[in-house]
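*Asks:* For reference, the structure I am asking about is given below.
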Amino acid sequence: MALTLYGGPQTRASMPRWYLEEKGIPYELVEIDLRGNQHRQPDYLAINPFGKLPALVDDSLLGPDGQPLTLFESGAILLHLAEHHGKEIKGPAQRSLINQWLLFANATLAIALFVPSNREREFPRLMQELNHQLTPGQPLVGEQWGAADCAVTAYLAYLPIFFPQEDLSPYPAIEALIASTQQRPAYRKVMGMN
Ligand SMILES: N[C@@H](CCC(=O)N[C@@H](CS)C(=O)NCC(=O)O)C(=O)O
């Protein structure tokens, strides 16, 4: 069984890579040079025709073409890893909840943070509710840190990096989560903090 993750530093590939590191799942990382336009070259477009990072090739499963399964979209990759490699999904309700948080992270939280017009409108409301939903030290779904935590926390942990002026003191659970995440060895490795 081999997993190959196509990624690069400071891209959304950090999310599935962090998951793989946390769970101790073996993988090979292939770095794609965005500045050198490597993601637009035929070799990479054969893996992700949209030319975006991340992508994952999992040779333990076959795709419809009979070749090793190839996936794009960080959320789909995380769900796949949780389901087939992370041993974290115990039943259909848990799977649906993990999917809910992955979609929330990528389709709602990311936009509220990084699209300026949405940020003004959405950010405080989402942060307030997230602060309420998060219990320090407890996973979002199930009994152990997992894909839902990975996706939601990866965005929250970008806050001090991209918006250092943002006062997070009204959101103590989020502040605590960011601080504890910055101490996790797997996160530090993936973010190049060691
Ligand atoms: N929704 C996608 C977004 C992928 C994406 O936009 N990746 C960026 C890097 S973070 C990328 O590949 N940008 C290069 C490009 O769009 O040309 C995901 O979550 O995987």
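*Asks:* Name the single residue, out of those in the stretch 1-39 being more than 27 Å from residue 181 (Cβ to Cβ) and surrounded by 12 or more Cβ atoms within 10 Å (Cβ to Cβ), that is farthest from the chain's Cα centre (by Cα).
*Replies:* Among them, the one singled out is 38.
*Asks:* Out of 128, 138, 165, 144, I need the residue that is in a helix (DSSP H, G or I) and farther than 16 Å from residue 105 by Cβ. Which one?
*Replies:* That would be 128, the only listed residue that is in a helix (DSSP H, G or I) and farther than 16 Å from residue 105 by Cβ.
*Asks:* Among the residues of the stretch 140-169, what is the count of those that are within 18 Å of residue 100 (Cβ to Cβ) and surrounded by 17 or more Cβ atoms within 10 Å (Cβ to Cβ)?
*Replies:* The qualifying residues number 15.
*Asks:* If you check 116, 92, 124, which single one turns out to be surrounded by fewer than 18 Cβ atoms within 10 Å (Cβ to Cβ), modelled with pLDDT of 95 or more, more than 12 Å from the ligand (Cβ to nearest atom) and not polar (S, T, N, Q)?
*Replies:* Criteria check complete, one pass: 92.
The values are calculated or read from the model by the stated rules, or taken from the named source; none is laboratory data. This one's a predicted model, so the numbers in the text were calculated from it and none came from an experiment. For neighbour counting, all protein chains shown are included, and Cβ atoms are generated from backbone atoms with ideal geometry for every residue, glycine included.
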